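Comments concern the structure below.
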Amino acid sequence: MTRSTVRLLPLGIALAGTGALVAAQQSTQDPLAEAKRYFEIADYDRSGWISSQEAGQALLASRDEFFRYDVDKDGGITLPEFVARYTTIVNSQGLFQPPIPAPNRRPELPPPTRVWFERFDADRSGGWDPAELALALDEFALASAVDDTLWARFDSDGSGALEDFEIDAVMAFTASARLALGTTAGNLRELFGVPVPNPPGPGVVPGPARLVGPLPFLERLDVDGDGTCSLADLETLEFPAALPVRAQTLVAALDANGDGVLGEDELRSAFGLDAR
């Protein structure tokens, strides 16, 4: 997601009380929400349960693995059974291999992931080859981890390219691998918050640099990285758009403690979330 895209969302949502961005944010952080999303992807016919055939195609599950999900042996995997198995796998292995969507119904990537995926798809083929994967992982000092085993782990459909629906597994790997190597980032900004400037050129609308990773909304609004969202941050984000709501008015309306900037608790309150 570009910062120029994200700048429009918090302004309108904070004033209109819409919960759409909050729901999207929770989806990126809540393991239960992620499990539900994966269940919906694997439930090809939208029947409310995953059949053995769907489990084989979407989850690459063997007969034995299917019955690890289907604990009541009724021939289908219900959402509670899927969530239970998902939790077990994540706790023991560190990540859950994203399911393969139905060929005619592939889900859209979240905008930040889409930007990251397209950034390293140098030949615009719609998928990464091993060299493009290595370039993407090089940002996290993990390029040396790319080998045939890792490639097979990511290339779940065996197509020879990492397509958009397989990138979730790559992103999960970057987080778990850094933990295993003892190179844990101090915060999400260090891990995913490297700004990518918009390249100048004909037809390119001027705007702030992009943040390509899955960051909380405060991180996206905090342009200068001082831990708050200030008037200067919002003015940077809205350029060159002409918005009907002045950034100064927004700060004044949401600035509960009167310090002239918006902190995390104030932003969470604006979005209807509990303070941390």
Answer residue from region 125-148, given it is in a loop (DSSP other than H, G, I, E, B) and at pLDDT 85 or above and is surrounded by the fewest Cβ atoms within 10 Å (Cβ to Cβ) among those: S125
Filter pass, G263 being modelled with pLDDT of 65 or more, farther than 28 Å from Q97 by Cα and in contact with a Gly (Cβ under 8 Å, 6 or more places away or on another chain): yes
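Scanning for something aromatic (F, W, Y) and surrounded by fewer than 18 Cβ atoms within 10 Å (Cβ to Cβ), does region 40-47 turn up at least one residue?
Step one: of region 40-47, the residues aromatic (F, W, Y) are 44.
Next, only the ones that are surrounded by fewer than 18 Cβ atoms within 10 Å (Cβ to Cβ) stay: none.
Looking through region 40-47, none of the residues is aromatic (F, W, Y) and surrounded by fewer than 18 Cβ atoms within 10 Å (Cβ to Cβ).
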Residue list for region 153-176, restricted to those being in a loop (DSSP other than H, G, I, E, B), crowded, with 19+ Cβ neighbours inside 10 Å and not acidic (D, E): S156
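The values are calculated or read from the model by the stated rules, or taken from the named source; none is laboratory data. Quick caveat, the model's predicted, so the values are computed rather than measured. Glycine gets a Cβ as well: all are built from the backbone with ideal geometry, and neighbour counts include every protein chain shown.
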